[in-house]
């Protein structure tokens, strides 16, 4: 699933107790979507922020764009609801967009862009990390496993359950 698959998954798992409210229609690229606002309380959040050796899982809110034709999530925007004063970040947010990508003749819904933003507490310093996903490729390999009998003794006792069983007679 990976980091980007978990963003959408975490919105819909029962543990998150996500509150949804319908906002209305919109488009993502050429796709007709329905937008929902969402909110996850801090005690149910699985979003974890790490900075300067400190971790925090904030409550968050945002929006999700659902493709009307396929029912798949095409965009998610999220923003931390509250970050404690002893946490180095004052704000944190993100946006993730998905699109269909053909790989080896098969279409997959994959991340197309991602953006993370945050501001340092008591500072004018903010950051924006933008990722543009492209050039997806399929990698594959084949392998063959060969086994052989051996008289090599590595000086260890073989547990009974792992000792070779005799071949059935035909």
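The values are calculated or read from the model by the stated rules, or taken from the named source; none is laboratory data. Worth saying up front: this structure is predicted, and the values here are computed from it rather than measured. Cβ sites come from the backbone with ideal geometry, for glycine too, and all protein chains shown count toward neighbours.
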* For region 33-54, enumerate the residues that are in contact with a strand residue (DSSP E or B) (Cβ under 7 Å, 6 or more places away or on another chain) and either over 17 Å from residue 8 (Cβ atoms) or assigned to a strand (DSSP E or B) (or both). => 33, 34, 35, 36, 37, 38, 39, 40, 49, 51
* To do: Just need a number here: residues in region 88-122 that are over 19 Å from residue 63 (Cα atoms), more than 17 Å from the chain's Cα centre (by Cα) and assigned to a strand (DSSP E or B).
  => 9
* Out of region 11-52, which residues are over 20 Å from residue 69 (Cα atoms) and more than 22 Å from the chain's Cα centre (by Cα)? -> 52
* To do: Kindly list, by first and then second residue, each pair from a residue in region 26-39 that is in contact (Cβ under 8 Å) with a residue 24 or more places away in the chain and on the phi > 0 side of the Ramachandran plot to a residue that is part of a strand (DSSP E or B) and surrounded by 15 or more Cβ atoms within 10 Å (Cβ to Cβ), limited to pairs with Cβ atoms under 8 Å and residues at least 6 apart or on different chains.
  => 29/74; 29/99
* To do: Only residues that are surrounded by 12 or more Cβ atoms within 10 Å (Cβ to Cβ), outside any loop (DSSP other than H, G, I, E, B) and free of Cβ contacts under 8 Å to residues at least 40 places away in the same chain: list them for region 1-18, please.
  => 5, 9, 10, 12, 16
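Yes or no, residue by residue, for (1) out of contact with any helix residue (DSSP H, G or I) (no Cβ under 9 Å at 6 or more places or on another chain); (2) farther than 30 Å from residue 42 by Cα; (3) surrounded by 13 or more Cβ atoms within 10 Å (Cβ to Cβ); (4) at pLDDT below 90:
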| residue | (1), (2), (3), (4) |
| --- | --- |
| 69 | yes, yes, no, no |
| 76 | no, no, yes, no |
| 85 | yes, no, no, no |
| 88 | yes, no, yes, no |
| 91 | yes, no, yes, no |
| 104 | yes, yes, no, yes |
| 127 | yes, no, no, no |
| 158 | yes, yes, no, yes |
| 163 | yes, yes, no, yes |
